[in-house]
Amino acid sequence: MENYRPDTAILELGPDFYDPVDAADFPETVLRYRDDRAAVSVGLESLSDADWIAHFGRYEPLPGNIRKPLALRYHGHQFQHYNPDLGDGRGFLFAQTRDARDRLMDLGTKGSGKTPYSRRGDGRLTLLGGVREILAARYLEHMGVNTSKALSLIETGENLRRHDEPSPTRSSVLVRLSHSHIRFGTFQRLAFFEDKDNLEKLVDYCRSHFYPDAVSAVGLLRRVVRASADTVAGWMAAGFVHGVMNTDNMNITGESFDYGPYRFLPTLQSGFTAAYFDHNGLYAFARQPEIMLWNLGQLAHCLAQIGDDKALIAALNRFPDDYRKAFRDHVFRRLSLVPTVLGADMSFVRATFKFLEESQTPWPQFWHDWQGGVEQEQSARSGPNRDHYCGDKFDDWFRLLKEYEGLETVEKPDTSVSLLYDEIGELWAPVADNDDWSAFHAKLETFARPAGD
């Protein structure tokens, strides 16, 4: 492992931040997925399948790394109600390394067994849950959204019972590669206990390893605001509905992670929710930017114990401008258009979303049809969405589209690439029925990966 560079930075924080735990002893460890491209970035691609399983299924420590897994401590707002009884309940931090860009990277787990924070949970992950996480991470990466990577999935040979899946169901353990697993809720826990010394220590850790140009708690918040605005803007352009935007699911580096009841829009519906238990639509698609700002406000409130109130509020108030610019950039990237002036561009973005909602044009096909701008008119009008590309509402939008030039080089797939709810079911059925993974792997091949990522 020539390019493997362990860096156990988490130990700088000390035992107030985590609990050493034991991984579950699984009856089986069958490798189902390994992301060798992600493994290359942290020097782990040369591991044999046997060594891979030993490290990521039985959790034998990586050389020079954390000797015993660490369940991280945190609190959080769940559906905007504060919950102090949280923490890593079915996962832990297994290892830390440096990637090819010299970033500190965490290898965290999901489904690796019980911890002090499991409460009534069994600490396990269903195989379908692992499959869904891989698909979400790869598709969002394809969409240019800041996301964790699903590094490994190993089937573990247990029969699990879940109220939201046919039971008993197959089990798995996932390893996630992420720039950080420090959550907004990590700060909330320390603020809850008014532990200013450890708040300062956590701010210094985040500044040192994630935002070295930040010089204070205010500077850290400013950068987290910018990163979070970009992430939620990416979700909106991708038609992604997170489902559970609790503060313990928000990452300090802005990465999307821990994909539970997510959905991608079939058509634009502002009130669309991904979680069946979100009865009041708190985390509906169109509310996601508002919720992200609310979550950032909770982080700012924590940092107020050690930072200047007015400066923190000023940093928080940068979110709307950060979001507008990021949203414009993500939408124009999806359409492969050259942006002009932010105000005019945002008028076009709003018109695009208005047309999509009022017409109920199928979402994935629309973005494929018009990638490249007006030059795509002939193929768009002869494609599956052709009946939606007529009438006054479309004509109004198309007039605005004509104001923009397409990028000179557009790498456009032959067909639209999507990840709708029914498609996931179609990918899972042959796995469940015949242990046939071919459709799953074929689907992943349709998700192009950004160069150098």
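The values are calculated or read from the model by the stated rules, or taken from the named source; none is laboratory data. All values derive from a computational prediction rather than experimental measurement. We place every Cβ from the backbone using ideal geometry, glycine too, and count neighbours over all the protein chains shown.
Brief remarks follow.
- Whichever residue in region 122-134 is closer than 15 Å to residue 167 by Cβ and not β-branched (Val, Ile, Thr) and, among such residues, is surrounded by the most Cβ atoms within 10 Å (Cβ to Cβ): 127
- Counting the residues of region 1-49 that are in a loop (DSSP other than H, G, I, E, B), under 22 Å from residue 148 (Cα atoms) and small (Gly, Ala, Ser) gives 3.
- Residues located in region 285-303, provided they are small (Gly, Ala, Ser) and surrounded by fewer than 19 Cβ atoms within 10 Å (Cβ to Cβ): 286, 297
- All positions within region 70-104 that are hydrophobic (A, V, I, L, M, F, W, C), in contact with a Phe, Trp or Tyr (Cβ under 6 Å, 6 or more places away or on another chain) and part of a loop (DSSP other than H, G, I, E, B): 86
- If you go through region 390-438 and keep only what is touching an Asp or Glu at 6+ places or on another chain (Cβ under 8 Å) and either free of Cβ contacts under 8 Å to residues at least 24 places away in the same chain or loosely packed, with under 12 Cβ neighbours inside 10 Å (or both), you end up with just 430.
Matching residues to (1) assigned to a helix (DSSP H, G or I); (2) hydrophobic (A, V, I, L, M, F, W, C); (3) more than 20 Å from residue 235 (Cβ to Cβ):
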{"residue": "298", "(1), (2), (3)": "yes, no, no"}
{"residue": "307", "(1), (2), (3)": "no, no, yes"}
{"residue": "310", "(1), (2), (3)": "yes, no, yes"}
{"residue": "322", "(1), (2), (3)": "yes, no, no"}
{"residue": "328", "(1), (2), (3)": "yes, no, no"}
{"residue": "333", "(1), (2), (3)": "yes, no, no"}
{"residue": "340", "(1), (2), (3)": "no, no, yes"}
{"residue": "346", "(1), (2), (3)": "yes, yes, no"}
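- Selection within region 122-147 - closer than 25 Å to residue 416 by Cβ and not in a helix (DSSP H, G or I): 143, 144, 145, 146, 147
- Unique residue being within 20 Å of residue 184 (Cβ to Cβ), surrounded by fewer than 19 Cβ atoms within 10 Å (Cβ to Cβ) and modelled with pLDDT of 95 or more when the list is 82, 74: 82
- Apart from one condition, residue 243 fits all of (1) in a loop (DSSP other than H, G, I, E, B); (2) buried (at least 24 other Cβ atoms within 10 Å of the Cβ); (3) in contact with a Gly (Cβ under 7 Å, 6 or more places away or on another chain); the exception is (2).
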